[in-house]
Amino acid sequence: MTIVPNPYRVLMCLAAMAAVSACSASTAHLSSLTTAKDKAITTPASSFAPTDTIYAQAVASNLPDPVTLQFHVIAEKVTGQAANTPIPSLDEAVNLSSDGNGTLTLTAPTAGWPTGTYKIECDMMDNGQQKDQKTTEFTVGS
């Protein structure tokens with residue numbers, strides 16, 4: 001005797017398996033973007049002196065494929081700058097092949113950071129498409 005599976009039951013089982021796998025799959029994302037005065041990001045900070053080195057760290061999670069973290073710095077309200085001016089010379093890309101951290105190091109210019117408010121944007125890029133973005137602000141005081 002040959003048992004032939006009911007096509008309706010087979011389709012129902014496949015649909016149930018697809019639903020379960022979709023529920024357990026997580027999307028790649030940026031968990032956080034933090035600034036600090038030390039590269040290990042042991043103590044987050046958002047206020048800096050003009051001579052400080054500024055570190056920004058983005059944490060990427062649930063990466064099924066390699067991604068690129070693209071950091072951009074914008075002078076939001078900074079002395080001597082037009083409002084919301086991108087600073088392309090500070091842009092940096094970090095490639096990650098699995099979950100982990102990408103760190104941007106901003107060394108103070110010789111004359112020091114101009115005082116004001118800055119913004120860092122971090123874009124998670126996967127094959128040229130933005131998957132997530134985080135932003136954070138920091139200030140430089142005199």
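The values are calculated or read from the model by the stated rules, or taken from the named source; none is laboratory data. Source: prediction; values computed, not measured. With ideal geometry, Cβ positions are generated from the backbone for all residues, glycine too; neighbour counts draw on all protein chains shown. Each accessible area value is taken on the protein alone, full model and side chains, heavy atoms only, with ligands, DNA and RNA left out. Shrake-Rupley method; radii C 1.70, N 1.55, O 1.52, S 1.80 Å.
Restricting the stretch 76-92 to residues that are aliphatic (A, V, I, L, M) and loosely packed, with under 13 Cβ neighbours inside 10 Å leaves a set whose member that is farthest from the chain's Cα centre (by Cα) is ALA82.
Exactly one residue among THR103, THR136 is touching a Leu at 6+ places or on another chain (Cβ under 6 Å), at negative phi and hydroxyl-bearing (Ser, Thr, Tyr), and that residue is THR136. Against the conditions (1) under 20 Å from ASP38 (Cα atoms); (2) open to solvent by 20 Å² or more (accessible area, probe 1.4 Å); (3) not basic (Lys, Arg), ASN95 satisfies every one except (1).
The residue list LEU63, LEU106 contains one member that is at pLDDT below 95 and aliphatic (A, V, I, L, M), which is LEU63. The residues in the stretch 40-59 that are out of contact with any Leu (no Cβ under 7 Å at 6 or more places or on another chain) and open to solvent by less than 20 Å² (accessible area, probe 1.4 Å) can be counted, and the count is 1.
Considering only residues in the stretch 112-130 that are assigned to a loop (DSSP other than H, G, I, E, B) and modelled with pLDDT of 95 or more, the one that is surrounded by the fewest Cβ atoms within 10 Å (Cβ to Cβ) turns out to be GLY112. Within the stretch 26-37, the residues that satisfy the criterion of being surrounded by 11 or more Cβ atoms within 10 Å (Cβ to Cβ) and in a loop (DSSP other than H, G, I, E, B) are ALA28, LYS37.
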